[in-house]
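Here the structure comes first, spelled out in structure tokens, and everything after it is commentary.
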Amino acid sequence: MSLYCYTLGPNINIMKHKLNHVEAAGSCFLPLNNKSPKNLTSHISFVSNFNNKYSSPMMEEDNKMLSESEDYSNELDVAVKAMQMACFLYQKLQDTLVSMSTRCNDQVQFNDDNSLLTIAGWSVQAIVRWILSQSLGSENISILAKGDVQTLSKTNASEVLEAVVKTVNECIAEAPRFGVQELKSALGSSEVLELLSHCNSVGAPSARFWVLGSIDDTLGYVNGDQYVVSLSLIEAGEVVLGVIGCPNYPMRKEWLSYHHSYHRIISMLTPTTSETWNKGCVIYAKKGSGKAWMQPVVHVNKKFVWPNHAKQVSISSIDNPALATFCETVEKANSSHSFTEGLALSVGLSKRPLRALSMMKYVAIACGNAEVFMKFARASYKEKIWDHAAGVIIIQEAGGIVTDVRGDPLDFSKGLYLEGLDRGIVACAGPTLHEKIIDAVDASWSSSCL
């Protein structure tokens with residue numbers, strides 16, 4: 001097989017004080033210390049007998065729950081399959097990059113235009129567009145995503161385009177495993193470019209368009225750590241469904257504090273089977289369902305059959321700041337850690353925070369692994385909608401709250417950016433924590449340097 005393929009609650013209404021819903025998640029995948037658990041054997045034994053809070057009676061009852069709200073059911077089904085295939089491609093690539101990094105003493109180049117990561121990014125866009133058009137019809141399938149397809153049409157990009165076409169065809173060959181019909185003949189360069197040409201939506205207040213968030217933490221991804229890929233559907237400025245693929249997300253809250261190398265060891269020693277689920281998930285929700293769901297990623301040689309052992313997830317019931325877990329962003333370039341840390345202390349968030357990469361913060365809050373996330377961007381930074389759209393709808397339907405500091409819902413009607421955002425984003429597992437944080441921001445904002 002070639003390198004390219006192998007590397008491949010109810011919708012809470014805004015209250016009188018303008019509370020909306022949660023948009024946060026956490027995933028602390030950097031070490032609190034650099035040690036693995038003392039009793040590795042017991043942890044391995046636990047994985048093989050996995051039966052934690054995500055477990056719930058399923059089959060007929062859960063199928064009934066999944067079909068209660070028919071609006072967007074078909075779109076959600078297709079979006080989940082698209083993210084499953086994207087996870088498959090990206091995870092194959094990550095395994096190869098980690099291996100290359102080890103052999104080359106961490107000198108792998110990943111940010112140039114010819115990198116495997118770039119090839120995978122374009123390939124995922126083409127695959128997602130192909131799945132959506134195959135399943136929902138090619139008309140009115142417009143996607144807002146990173147990158148300009150014109151760069152692939154240039155003469156000096158011919159090698160990259162060739163690699164993308166090869167990767168797309170090899171991934172599409174796996175489509176039947178994900179419940180998608182395989183093509184009778186391979187796609188050519190012009191057909192792949194045609195698919196990518198529909199991934200340049202700019203959004204509009206009254207438009208219907210998809211938002212694709214490709215790998216959102218490049219460094220973490222290349223180092224074998226956490227990353228997500230997401231897909232959401234926006235209609236008239238409102239997110240109506242969202243899916244987040246998290247191939248490395250650990251299925252135990254305490255594991256969130258361990259270094260990513262420990263998770264890789266666990267995975268090698270206890271590979272996921274139909275009886276075990278130690279890491280990797282696709283989490284999703286649709287407007288009006290009042291539910292969020294999580295299912296395992298489809299691993300090699302496995303077949304996707306809806307609903308793929310899906311389990312309902314929900315936010316935490318903790319509303320005491322002293323008991324709440326706060327998700328702290330790892331990225332420092334576009335947010336103020338000092339202000340956020342000071343604010344956390346002022347409201348009584350005394351527990352050690354989970355250091356969370358990228359959109360994993362949304363996942364952690366939706367699953368009940370954390371209760372609070374705040375982000376206050378520096379003055380020159382503008383939040384992009386693909387970093388938030390899928391997470392917002394998932395948290396909202398799981399019962400949480402996501403707003404700006406004024407308590408207003410996030411506005412997805414202005415195109416690429418979250419325009420009109422008041423100071424920052426506050427996501428909480430409930431109104432009590434949310435109100436305390438909003439009040440604390442108002443009290444301390446004038447002394448901040450943002």
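The apolar share of the surface of the stretch 321-449, taken as the fraction of accessible area on carbon and sulfur atoms (1.4 Å probe, ligands and nucleic acids excluded), comes to 53 percent. Read phi for every residue in the stretch 347-355 and hand back ³J(HN,Hα) as whole Hz from Karplus 6.51 cos²θ - 1.76 cosθ + 1.60, θ = phi - 60°, with x for Gly and Pro. Running phi through 6.51 cos²θ - 1.76 cosθ + 1.60 with θ = phi - 60° gives 9, x, 7, 8, 5, 4, x, 7, 7 Hz.
With coordinates expressed along the principal axes, the C-alpha atoms belonging to the stretch 295-375 extend over 48, 31, 15 Å, beginning with the largest. Shown is the FRET efficiency for Gln181 and Asp442, computed with R0 = 60 Å from the Cβ-Cβ distance and rounded to the nearest 0.05: 0.65.
How large is the accessible surface per residue of the stretch 321-449, computed with a 1.4 Å probe and reported in Å² as a whole number?
Averaged over the residues of the stretch 321-449, the accessible area is 33 Å².
Once the Cα-Cα distance is subtracted from the 0.36 nm per residue extended length, the Glu419 to Glu159 segment shows a gain of 89.8 nm. What the Cα convex hull of the stretch 321-449 gives, in volume per residue, is 97 Å³. Pairs exceeding a 24 Å alpha-carbon distance, out of Lys253/Lys382; Lys81/Lys286; Lys253/Lys311; Lys146/Lys253; Lys279/Lys303: Lys253/Lys382; Lys146/Lys253. Normalising the average separation of contacting C-alpha pairs (under 8 angstrom, six or more residues apart) by the number of residues puts the relative contact order of the stretch 321-449 at 26 percent. Computed from backbone phi, the HN-Hα couplings of the stretch 232-237 come to 9, 10, 10, 10, 6, x Hz, rounded to whole numbers (Karplus: 6.51 cos²θ - 1.76 cosθ + 1.60, θ = phi - 60°; Gly and Pro given as x). A Förster distance of 22 Å, applied to the separation of the beta-carbon atoms of Lys146 and Asp411, puts the FRET efficiency at 0.60.
The packing ranking, built from the mean of other Cβ atoms within 10 Å per residue, places the peptides 239-251, 135-147 in the order 239-251, 135-147, highest first. Here the label points at Glu235 and Glu194, each 7 Å from Cα along the C-beta direction, are separated by 2.8 nm in the simple model.
The values are calculated or read from the model by the stated rules, or taken from the named source; none is laboratory data. These figures come from a predicted structure and were not determined experimentally. No Cβ is skipped: glycine too gets one built from the backbone with ideal geometry, and neighbour counts run over all protein chains shown. Remember, those area values only see protein heavy atoms, side chains included, never the ligands or the DNA or RNA. Shrake-Rupley method; radii C 1.70, N 1.55, O 1.52, S 1.80 Å.
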